[in-house]
Amino acid sequence: MILAAGLSRRMGFPKALLRWGEETYLDRLIRLFGAVCPEVVVVLRPGAEELLGECQRLGEARVVYNADADRGQLSSLQTGLSAVAGEAVLFSPVDYAHVREATVRLVAAGGPGMVVQPSFEGRHGHPVWVRRAVAEALLATPADGAARDVVRTFARSFVEVDDPGVVMDADDPEGYAAVRERLT
C-alpha cells in the first residue's frame with residue numbers, strides 16, 4: 001500500500017511526481033511493491049489522478065480515495081487498510097520511493113514479529129510490514145492517534161539494512177535534495 005493522498009504543501013507539487021532515475025516516485029513504488037505483493041493499493045485524495053498524468057503505472061494498482069485526507073496520514077493509512085485483505089500488509093508513504101529494491105524485498109518477506117521495519121544505523125524507517133492484527137489495531141485508532149504509537153505496542157522485528165534511504169524522506173525540496181545528494 002502506497003500512501004499518496006497528502007497535499008505536498010512543503011514540496012509545492014505532488015511528491016508522487018518526484019523523479020528517481022527515469023521513474024516518478026509513485027511509479028517506482030508501484031513497480032517495487034508489485035514485484036513482492038499480490039496487489040498494490042495506492043491511496044489518493046479525490047481528484048488527484050488528474051495531477052498525476054506523468055505516472056505510467058497507476059493503472060497497475062488499485063486506487064482508493066481518502067475523502068478525509070486533510071485529517072492526515074493516519075486517515076490515509078486507515079483508508080488503505082480498510083481496502084485490503086490478507087494476513088499482512090506492506091506500506092510506505094510515497095516520499096520513500098528511493099529505498100533500494102533489495103530493502104523492499106527483504107521487508108516484504110515478513111518475519112517473526114507482528115511488525116517488520118528496516119533499520120539503518122539504529123533508526124527505523126520505511127517500508128513497514130504488518131500482520132493483520134496490527135492493521136486492525138491501526139483501523140481502530142482514534143483520529144487524534146498516531147500510527148507509530150500503535151505499531152510500537154506490538155512485537156517488532158528490525159532488519160538492519162545498508163540503505164540510508166529507509167530513514168530519509170523527501171518531504172520538502174531540501175529533503176529531496178539531501179536524498180539525491182546522498183543516494184545518487
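Every read-out reported here was derived from the displayed coordinates using simple, explicitly stated rules and does not represent laboratory data. Nothing here was measured: the structure is a model prediction, and the numbers come from that model. Reconstructed Cβ throughout: ideal geometry from the backbone, glycine too, with neighbour counts over all protein chains shown.
Numbers at a glance
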| read-out | value |
| --- | --- |
| Exposure proxy ranking, count of Cβ atoms within 10 Å, fewest first, for 30, 2 | 30, 2 |
| Listed residues 146, 108, 135, most fluctuating in the chain (Gaussian network, C-alpha, under 10 Å) | 146 |
| Helical mean residue ellipticity (222 nm; -39500 (n - 2.57) per DSSP H run of 4+; nearest 500) of the chain | -8000 deg cm²/dmol |
| Simple label model, 7 Å out from Cα along Cβ direction - residue 174 to residue 60, nm | 3.5 nm |
| Extension gain (nm, one decimal) between residue 181 and residue 13, 0.36 nm per residue minus Cα-Cα | 58.5 nm |
| Among beta bridges that DSSP assigns inside segment 2-183, antiparallel share in %, nearest 5 | 45 percent |
| Local electrostatic count, residue 35, Cβ distance below 14 Å [Lys/Arg +1, Asp/Glu -1] | 0 |
| Exposed GluC sites (Glu not before Pro) absent: longest stretch of the chain, with sites in DSSP loops and at most 14 other Cβ within 10 Å deemed exposed | 122-184 |
| Residue among 24, 153, 141 with the largest mean-square fluctuation in a Gaussian network model of the chain, springs linking Cα atoms under 10 Å | 153 |
| Top of 69, 88, 137 by mean-square fluctuation, Gaussian network on the chain, Cα under 10 Å | 137 |
| Label-point separation in nm, residue 85 to residue 143, each point 7 Å along Cα→Cβ | 3.0 nm |
